[in-house]
Amino acid sequence: MVISTLDWIIIIFFLILFATIGIYVSKQAGKDSKAFFLSGRNMPWWLLGVSMVATTFAADTPNFVAGVIREDGVFGNWIWWSFLLTGMLTVFFYAKLWRKSGITTDLEFYELRYSGKSAAFLRGFRAIYLGVFFNIVIMANVCLAAIKIGHVMFGFTTFQTLFIASIVTVIYSTLGGLKGVLLTDFVQFIIAMVGSIWATIHIVNMPEIGGLKNLLSTPAVAEKTAMLPDFSNPELLIPLLIIPLAVQWWSVWYPGAEPGGGGYIAQRMLAAKDEKHATWAVLFFNFAHYALRPWPWIVIGLASIIIFPNLESLQAAFPNLESSFVKNDLSYPAMLTFLPAGLLGIVITSLIAAFMSTISTHLNWGSSYVVNDFYARFIKPEASGKEQVLIGRISTVVMMVLAALLATVLEEARDAFNLMLQIGAGTGLLFILRWFWSRINPYSEIAAMVLSFGIALFFFINGKLDTPMVEMAGHWQLVFGVVVTTIGWIIVTYLTKPTDDDTLTSFNALIFGDESKFKGFGMKILGFFCGVIGVYCTLFAIGNFIYGKTLLAVGLLVVTILCGFVIIKSLKNN
């Protein structure tokens, strides 16, 4: 594969642009920790919403989607489409609550909602557990995708890819803080969408594919196009639709889809101008993330079945790539090698942008935990604003190095996805209820965290054994983790003392004021269901337009519009 001079000009131009943005906002971002991590709490909904979408459009995301399609078909995406319900729950029930709290990170919530040394311990432990260790696992998975893309596109070694991909990201993340991340995310999202759609159009019209109609009529592809699994086949229906929709969405903590909000989604809500901007930001994110963005990846994944029908054909196309990296998720970057000059530069830039937007967000989010919830809380409470920013910048560099090192031992995007689901299994319901059920205390959260991690570690080790101690399918492992962890933390909740009344009174006064916790729940529930239905209808409408089922697509869009009116009314009343 030859990258033209034009492609290099496009790539280098945008890399310089991203670095320039970081340098430009560095002076303002370096004032204090709130400016660095929350950009002064004056960000508009559209910028925050686009940033959320850009962050979840990681370099590994199109790889992951293409891999799922090759293995299970389009309906295999329900393992992440189901998280729309989690997102809509945040829109209608939690976005305003997060912004009302006025905290700097979502971990600060622990000492707002709970009391005593157990609350302080939980906050400090979660800062390191989530902000450093878990965060590094997420970034390593993104770095894994960069390794594959770097080899396919440039012929780079693992070290070359990680070094080059990381250096500019670290520059604008350490200098520009959240504002630098938000501004570059905006540019990166536009590039990513233009690149993925344009690449899809070109690939579909290649002579080897023969146009969209020929692609969809090819038998090997046609059997993968269904958006819902065969309801008469429980082997597919249960793990790919029933468990995600009945269990996974409310019970599992997953980055970007935390039940009740959290992580970098909470960080964006906390940086919003006000509660309305926080709510609309999350609503836009869920609409764009689940309905607008997936189809270019899906179509390219389907096209890859014709060009690379199996793993052997992928290995033959890239003989110098280590065999451990040759998985179905390699098919997406492999298809991009067919793009012409100019378009190739834009698409490569979009993938670099996807990598950088995700990594920069996780670096800023993780370092906010290290600084605000660990260093300034326990190590040096008297630290000045500039000192806190310095610690944030140092931790940013350290986490990037550790994530790059871990990426060298991973193999496939879906493996990491399943591992993260298992680690968070059973904790979700707690995060949903802790705002409203006063009985929940720090020990509830500690129990949930320990149990879910222990079960995930057991199944991970069990799966690596030549003779596993327990034979259990992955989806049943998830259900087992959810059931045991949920029962465990509920038992601990009743065996331990609740948070003291003064802390609960103060918390409720700050978050709910003089109003009932459950005010307007009926309208919120209606808005929630209309939000879910509207986004899914948009997703299916786009799919049916692509499949040539125009009448059905139009009908689905009509439902979307009706749902939109209800959503607007629900948000106005709350």
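The values are calculated or read from the model by the stated rules, or taken from the named source; none is laboratory data. Everything quoted here is computed from the prediction, not taken from an experiment. Backbone-built Cβ (ideal geometry, glycine too); neighbour counts: all protein chains shown.
Pairs please, first residue from the stretch 352-376 and of a type in the set (D, E, K, R), second anywhere and surrounded by fewer than 24 Cβ atoms within 10 Å (Cβ to Cβ) and part of a helix (DSSP H, G or I), Cβ atoms under 7 Å, 6+ apart in sequence or on different chains.
What qualifies is D373/E108; D373/G124.
Looking at the stretch 311-324 only, could you name the residues that are assigned to a helix (DSSP H, G or I) and surrounded by fewer than 20 Cβ atoms within 10 Å (Cβ to Cβ)?
Across the stretch 311-324, the qualifying residues are L311, E312, S313, Q315, A316, A317, S323, S324.
Scan the stretch 241-256 and give yes if some residue there is aromatic (F, W, Y), modelled with pLDDT of 90 or more and over 23 Å from Y332 (Cβ atoms), otherwise no.
So far as the stretch 241-256 goes, yes, one or more of its residues are aromatic (F, W, Y), modelled with pLDDT of 90 or more and over 23 Å from Y332 (Cβ atoms).
Considering each of V132, V137, V91 in turn, give the residue that is modelled with pLDDT of 90 or more, aliphatic (A, V, I, L, M) and in a helix (DSSP H, G or I).
Residue meeting the stated conditions: V91.
Restricting attention to the stretch 2-21, which residues are in contact with a helix residue (DSSP H, G or I) (Cβ under 8 Å, 6 or more places away or on another chain) and part of a helix (DSSP H, G or I)?
L6, D7, W8, I9, I10, I11, F14, L15, L17, F18, A19, I21
Within the stretch 332-341, can one find any residue that is assigned to a loop (DSSP other than H, G, I, E, B), hydrophobic (A, V, I, L, M, F, W, C) and closer than 27 Å to T184 by Cβ?
Yes, there is a match, as at least one residue in the stretch 332-341 is assigned to a loop (DSSP other than H, G, I, E, B), hydrophobic (A, V, I, L, M, F, W, C) and closer than 27 Å to T184 by Cβ.
Mind listing whichever residues of the stretch 110-122 are of a type in the set (A, V, I, L, M, F, W, C) and modelled with pLDDT under 90?
Of everything in the stretch 110-122, nothing turns out to be of a type in the set (A, V, I, L, M, F, W, C) and modelled with pLDDT under 90.
Any chance the stretch 28-41 includes a residue that's at pLDDT 70 or above and part of a helix (DSSP H, G or I)?
Within the stretch 28-41, one or more residues are at pLDDT 70 or above and part of a helix (DSSP H, G or I).
Of all helices (runs of 4 or more DSSP H) completely enclosed by the stretch 177-295, which ones contain at least 1 residues that are without any contact (Cβ under 8 Å) to a residue 60 or more places away in the chain and surrounded by 16 or more Cβ atoms within 10 Å (Cβ to Cβ)?
Ranges flagged: 234-237.
Within the stretch 473-511, can you find the residues that are touching a residue at least 60 places away in the same chain (Cβ under 8 Å) and farther than 18 Å from G116 by Cα?
Passing the criteria: A473, G474, H475, L478, V479, V482, T485, T486, G488, W489, L510, I511.
Going by the structure shown, is K497 of a type in the set (K, R) and either under 29 Å from S101 (Cα atoms) or touching a helix residue (DSSP H, G or I) at 6+ places or on another chain (Cβ under 6 Å) (or both)?
Judged against the criteria, K497 is a match.
Filtering the stretch 437-456 down to residues that are among the β-branched types (V, I, T) and in contact (Cβ under 8 Å) with a residue 40 or more places away in the chain, which residue is farthest from S516 (Cα to Cα)?
I446
Against the condition within 30 Å of K213 (Cβ to Cβ), under 27 Å from the mean Cα position of the chain (by Cα) and either among the hydroxyl-bearing types (S, T, Y) or part of a helix (DSSP H, G or I) (or both), how does I568 come out, does it pass?
No, not satisfied.
Filter the stretch 431-476 down to the residues that are of a type in the set (V, I, T) and more than 21 Å from I243 (Cα to Cα), then identify the one that is surrounded by the fewest Cβ atoms within 10 Å (Cβ to Cβ).
Result: T467.
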